[in-house]
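Scroll down for the structure; my scribbles are underneath it.
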Amino acid sequence: MTHLNKKPRLEKNLTVNHIDDLPDDLVFSILRKLSSSASCPADFFNVLITCKRLNRLGLHPMVLSRAGTQTLAVTAEKWSDSAHRFLKLCVNAGNIDACYALGMIRFYCLQNPVSGASLMARAAIKSHAPALYSLSVIQFNGSGGNKSDKNLRAGVALCARSAYLGHVDALRELGHCLQDGYGVPRDVAEGRRLLIQANARELAGSLRSYLSLKSGDETLTELNGLQDWFDSGRVVLAEGLRMCSHGGCGRPETRSHEFRRCSVCGKVNYCSRGCQALDWRVKHKMECSPLDLWVGAAAIGVGDEDVDAVEVENHAAR
């Protein structure tokens, strides 16, 4: 019998982990959805550290193979051996976005161009449009090697494949190649058609992004340049090397005088004709020093669009 004055003993509250009761198939399905739709790496990793089971299942190849571009978007500030291992796990799981992301980082930031190009090639074989375009830029410039390593025909072929898959930058680059006869027989009319098509797709993409932001929806973006690696100070350009002057690119030179420079002012450098055209349209048109081109154009009645075309074609001097 319990004494009247004695308080009844309380049983310990045992925490029940209901996650352990869920079948593996259901957990895999949830984690795969999370890995493909997370808005940043932290959203995914915060779930993995919840318990050992989620950590084990979350690092399974079935989950990592579906990781989206935002889940893989490890910034320079967050880069560590653990981040490197995570991307390698995703690569081993067959994730082509991880092949592209790690390939770009190794090629341009970790001074390992052979491994970086190999990883991008693995993604390109699986018809990954950004990887195909990056490899085309490497071929056009002979990046990671000597000037004699340029292969213009290979660059055009890779660019054309990427453009066919819908990559806007590749479509624009291919248009300029056709206009200039760079690595391909010159066809000005077809080049202009591709440039108009690229501008239309770019405008449609901008409108979709604007509407998504206005409605509060989050959009996934591909790896957009490597500028933050150099801004963070983690990677320092060797003396005499330059960055692509187009703000949305971020590619650095891998050897001296690799990129084209503006033949008029000589102050800006571009890894590709596409970057040159974009930067000219966005800002360099207002910054380039000579004024006689605009005065002459106004005198003969040349429109602004025609001046852009002349300037872009004549800017590609070494």
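Things worth noting here:
- Residues satisfying the stated conditions in segment 69-85, i.e. open to solvent by 10 Å² or more (accessible area, probe 1.4 Å) and either within 23 Å of residue 25 (Cα to Cα) or assigned to a helix (DSSP H, G or I) (or both): 81, 82, 83, 84, 85
- Listed by first and then second residue, the pairs linking a residue in segment 98-112 that is closer than 25 Å to residue 66 by Cβ and in contact (Cβ under 8 Å) with a residue 40 or more places away in the chain to a residue that is part of a helix (DSSP H, G or I) and among the basic types (Lys, Arg), with Cβ atoms under 9 Å apart and 6 or more places separating them unless they lie on different chains, are 100/122.
- Each residue in segment 50-89 was checked for being over 17 Å from the mean Cα position of the chain (by Cα) and among the hydrophobic types (A, V, I, L, M, F, W, C), and 10 of them qualify.
- Selected residue (criterion: farthest from residue 100 (Cα to Cα)) from residues of segment 46-60 that are assigned to a helix (DSSP H, G or I) and either open to solvent by less than 70 Å² (accessible area, probe 1.4 Å) or touching a residue at least 40 places away in the same chain (Cβ under 8 Å) (or both): 53
Conditions (1) at pLDDT below 80; (2) surrounded by 13 or more Cβ atoms within 10 Å (Cβ to Cβ); (3) not charged (D, E, K, R), marked per residue:
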position: 186; (1), (2), (3): no, no, no
position: 189; (1), (2), (3): no, no, yes
position: 193; (1), (2), (3): no, yes, no
position: 196; (1), (2), (3): no, no, yes
position: 221; (1), (2), (3): yes, no, yes
position: 240; (1), (2), (3): no, no, yes
position: 256; (1), (2), (3): no, no, yes
position: 261; (1), (2), (3): no, yes, no
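- Residue, least open to solvent (accessible area, probe 1.4 Å), within segment 20-45, restricted to residues that are outside any helix (DSSP H, G or I) and under 17 Å from residue 95 (Cα atoms): 38
So that you can scan it fast, the table gives a plain yes or no per residue for (1) among the basic types (Lys, Arg); (2) over 22 Å from residue 272 (Cβ atoms); (3) in contact with a strand residue (DSSP E or B) (Cβ under 9 Å, 6 or more places away or on another chain):
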residue	(1), (2), (3)
73	no, yes, no
78	yes, yes, no
93	no, yes, no
104	no, no, no
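The values are calculated or read from the model by the stated rules, or taken from the named source; none is laboratory data. Computed from a prediction, not measured in an experiment: that's the story for all the values here. We place every Cβ from the backbone using ideal geometry, glycine too, and count neighbours over all the protein chains shown. Note: accessible area is taken over every heavy atom of the protein model, side chains too, but ligands, DNA and RNA are not part of it. Shrake-Rupley method; radii C 1.70, N 1.55, O 1.52, S 1.80 Å.
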